[in-house]
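As structure tokens, the structure follows; a few thoughts come after it.
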Amino acid sequence: MKLLEKYAWKILAVWLGLLSVLYSLLSLIRHNNYQSGAFDLGIFDQAIWQYAHFLYPYNTIKERFILGDHLTITLPLFAPLFWIWDDVRILLITQAIWITLSTIAIYKIAKLRKFSAVVSLGVSFVYSIFYGIQFGVYFDWHPIIFGVGLLAWFAYFFEAKKWKLFWITLVLMLLTQENMGIGVACLGLIYLFHKQYRKKAVFFVVGGILISLLSVYLIGKMSPVGYQYQPKIDSNPITVIHEFYDSQDKQLV
């Protein structure tokens with residue numbers, strides 16, 4: 001145990017290095033075999049390429065200003081990648097590395113909560129190969145994957161009381177896509193069960209929902225057809241419960 005405690009960071013670093021390569025290959029092989037598509041890789045590739053070349057980000061797939069589809073305000077931050085390598089594959093590689101490195105935040109949260117190296121590494125490993133993350137890497141490229149990575153760091157900075165980094169991460173996360181406010185709200189629901197975080201948790205829940213609603217409103221104003229991604233909830237409570245446990249997505253998980 002002492003040996004594992006001593007080399008925990010090195011073990012984690014080796015695992016994340018290996019996983020970054022594997023996730024990059026997973027994404028690249030799929031793309032190289034013509035299994036990627038215009039939704040969503042083509043949409044975001046075009047927008048980021050336009051930002052990189054200082055062009056108006058008009059999406060020719062959805063036929064509208066890019067922010068009239070999703071409120072992805074952080075997309076220009078990826079533009080410099082095309083100055084390094086003008087190829088969509090750099091987006092796929094960056095995504096794989098970023099989501100893999102968010103595992104560090106999970107490890108640090110576990111250590112912050114006084115868990116042993118064995119438990120911290122175990123939790124980190126489980127997070128890093130979670131089906132949702134695997135499928136996110138497999139499914140083309142999407143800014144929401146970066147939002148998920150930011151969510152992990154957001155939780156760590158919050159619990160570690162690193163407030164400057166906390167606020168920077170929160171702002172970046174909310175600017176990544178309109179539904180990240182819902183992500184913050186859901187995290188707040190978890191923190192409601194922790195007495196020391198309860199007041200701030202209420203702020204996360206209420207603030208996150210309000211931000212998402214505001215974002216949806218803004219998208220509707222910039223879109224010629226309004227906001228297109230309203231959730232469809234069945235009015236039959238039995239169907240809702242059934243879908244929650246037995247939907248196609250749950251079966252895949």
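The numbers here are math on the coordinates, done by the rules we state, and not lab data. Worth saying up front: this structure is predicted, and the values here are computed from it rather than measured. Quick reminder, even Gly has a Cβ in these numbers, built from the backbone with ideal geometry, and neighbours come from all protein chains shown.
Sorting 151-158, 192-199, 135-142, 230-237 by their mean Cβ neighbour count within 10 Å, with the most densely packed peptide first, gives 151-158, 135-142, 192-199, 230-237. Think of the stretch 2-180 as a dipole: +1 on every Lys or Arg Cβ, -1 on every Asp or Glu Cβ, centred on the Cα centre; then among L12, I29, L75, L12 lies furthest on the positive end. Placing a label point 7 Å from the Cα of S116 along the Cα-to-Cβ line, the residues of the stretch 4-39 whose backbone N sits under 19 Å from it are 4-12.
Per DSSP H run of n ≥ 4, the term is -39500 (n - 2.57); total these for the chain, divide by its residue number, and report the mean residue ellipticity at 222 nm rounded to 500 deg cm²/dmol. Mind dumping the intermediate values first?
Values: 14 runs with 171 residues, N = 253.
Roughly -21000 deg cm²/dmol at 222 nm, from the helical runs in the chain.
Rounded to the nearest whole Hz, the Karplus-based 3J(HN,Hα) values (6.51 cos²θ - 1.76 cosθ + 1.60, θ = phi - 60°) of the stretch 233-248 follow the sequence 10, 5, 6, 7, x, 5, 5, 4, 5, 4, 5, 5, 9, 9, 7, 4, with x at glycine and proline.
Under the simplified labelling scheme, the Y56-K162 pair shows an inter-label distance of 4.1 nm, with each label point 7 Å from Cα along Cα→Cβ. Would you mind getting me the FRET efficiency between I144 and L3? Use the beta-carbon distance for r and R0 = 51 Å, nearest 0.05. Calculated transfer efficiency: 0.85.
Kirkwood Rh over alpha-carbon pairs of the stretch 4-83, then Stokes-Einstein at 37 °C and 0.692 mPa s: what D in µm² s⁻¹, rounded to an integer?
On the way: Rh = 15.0 Å.
The calculation lands on 218 µm²/s.
Cross-linked pairs K111/K195; K161/K232; K2/K164; K164/K221; K10/K114: Cα-Cα separations exceed 29 Å for K161/K232; K2/K164; K164/K221.
For the stretch 126-133, 3J(HN,Hα) computed residue by residue from phi via the Karplus equation (6.51, -1.76, 1.60; θ = phi - 60°) reads 4, 4, 5, 10, 4, 3, x, 6 Hz, glycine and proline entered as x.
Computed from the C-beta positions of L218 and C186, the FRET efficiency with R₀ = 25 Å rounds to 0.70. Spacing of the modelled spin labels on V225 and F203, each 7 Å from Cα toward Cβ, amounts to 4.0 nm. Taking all C-alpha pairs of the stretch 2-180, those more than 27 Å from each other amount to 31 percent.
Give, in nm to one decimal, the length gained when the segment between H194 and V171 is fully stretched (0.36 nm per residue of separation minus the Cα-Cα distance). Kindly include the intermediate steps, with their values, before the conclusion.
Details: separation 23, 0.36 × 23 = 8.28 nm, distance 2.37 nm.
So the extension gain works out to 5.9 nm.
In a simple Cβ point-charge model (Lys, Arg +1; Asp, Glu -1; nothing else charged), the stretch 165-253 has a dipole of about 500 debye relative to its Cα centre.
Close amide H partners of F65, meaning residues 5 or more places away or on another chain with modelled amide H under 5 Å apart, are N59. Residues in the stretch 124-159, backbone N under 13 Å from the label point at I29 (7 Å along the Cα-to-beta-carbon vector): list them, ranges by number please. Label zone hits: 138.
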